[in-house]
Amino acid sequence: MLSSHTLSLAIHRNWVDLYETIWKPEFFPKWASGMSQGPLVPEGNSWKGRGALGPVKVRFTEHNPYCIMDHYIDSGFSKEIFVPMRIVANEEGSQVLITVFRQPLVSDEKFAQELEWVKRDLQALHTLLTT
């Protein structure tokens, strides 16, 4: 079993409205730096693009009424990585939750760097939606 850490960000926007704004794969490169070096292009049931670390292939959950935005990242370095993502109601606003699983053989330092990366991406999402 992998250890994990869930990062959270509050956004003052209705949770369903927020989900409807950001669920599309085409929106991810606007804030997710691992997919931000160009547009994502559909390829079968996944999307291809260039990220900060090189080529990336991503599968996304289908649009759904539960505001689930899970995605599966294949950077070509190892197995596909599952990234659970949820939008949940927080009174009149929303909470964006992303869980990062520590992959096998990843050091404490590398895992801390991955968490900081996701924090920066969440901040980019917040800035994009609130400015």
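The values are calculated or read from the model by the stated rules, or taken from the named source; none is laboratory data. Not measured: the values here are computed from a predicted model. Heads up, the Cβs are rebuilt from the backbone with ideal geometry, glycines too, and the neighbour counts pull from every protein chain shown. Ligands, DNA and RNA are excluded from the accessible area calculation, which covers all protein heavy atoms including side chains. Shrake-Rupley method; radii C 1.70, N 1.55, O 1.52, S 1.80 Å.
Looking only at the stretch 43-56, filter to residues that are open to solvent by 80 Å² or more (accessible area, probe 1.4 Å) and in contact (Cβ under 8 Å) with a residue 12 or more places away in the chain; which one of those is nearest to Arg120 (Cα to Cα)?
Leu53
Can you list residue pairs whose Cβ atoms sit under 6 Å apart, with the first residue in the stretch 73-95 being over 12 Å from Lys57 (Cα atoms) and polar (S, T, N, Q) and the second being at pLDDT 90 or above and not in a strand (DSSP E or B)? Count only pairs 6 or more apart in sequence or on different chains.
Taking only residues 6 or more apart or on different chains, the pairs are Ser94/Arg13; Ser94/Trp15; Ser94/Leu18.
Could you list all residues from the stretch 64-80 that are aliphatic (A, V, I, L, M) and closer than 18 Å to Lys119 by Cα?
Across the stretch 64-80, the qualifying residues are Met69, Ile73.
Please specify each residue of the stretch 14-42 satisfying the condition of being open to solvent by less than 60 Å² (accessible area, probe 1.4 Å) and either touching a residue at least 60 places away in the same chain (Cβ under 8 Å) or among the basic types (Lys, Arg) (or both).
Leu18, Tyr19, Thr21, Ile22, Trp31, Ala32, Ser33, Gly34 - these are the residues of the stretch 14-42 that are open to solvent by less than 60 Å² (accessible area, probe 1.4 Å) and either touching a residue at least 60 places away in the same chain (Cβ under 8 Å) or among the basic types (Lys, Arg) (or both).
If a residue counts only when it is touching a Lys or Arg at 6+ places or on another chain (Cβ under 9 Å) and on the phi < 0 side of the Ramachandran plot, which strands (runs of 3 or more DSSP E) contained entirely in the stretch 41-88 have at least 3 such residues?
Details: elements: 41-43, 46-51, 54-60, 71-74, 81-83.
Per the criteria, 41-43, 46-51, 54-60, 71-74.
Look through the stretch 108-131, keep the residues that are open to solvent by 60 Å² or more (accessible area, probe 1.4 Å) and not charged (D, E, K, R), and return whichever of them is farthest from the chain's Cα centre (by Cα).
Here the answer is Thr131.
Kindly list the number of the only condition in (1) out of contact with any Phe, Trp or Tyr (no Cβ under 8 Å at 6 or more places or on another chain); (2) of a type in the set (Val, Ile, Thr); (3) open to solvent by 60 Å² or more (accessible area, probe 1.4 Å) that fails for Thr99.
(3)
Quick check on my filter: what residues within the stretch 89-102 are modelled with pLDDT of 95 or more and more than 19 Å from Lys24 (Cβ to Cβ)? Show your work before the answer.
So in the stretch 89-102, the residues modelled with pLDDT of 95 or more come out as 89-91, 93-102.
Selection gives Ala89, Asn90, Glu91, Gly93, Gln95, Thr99, Val100, Phe101, Arg102.
Please find, within the stretch 1-37, the residue that is nearest to Leu125 (Cα to Cα) out of those that are in contact with a helix residue (DSSP H, G or I) (Cβ under 7 Å, 6 or more places away or on another chain) and part of a loop (DSSP other than H, G, I, E, B).
Among them, the one singled out is Trp31.
Specify which of the listed residues (Leu129, Leu105) is closer than 18 Å to Pro29 by Cα and modelled with pLDDT under 95.
None of the other options fit; the residue is Leu129.
Residue check, Asp121 against (1) out of contact with any strand residue (DSSP E or B) (no Cβ under 6 Å at 6 or more places or on another chain); (2) under 18 Å from Phe28 (Cα atoms); (3) part of a strand (DSSP E or B), all met but one. Which one?
Unmet condition: (3).
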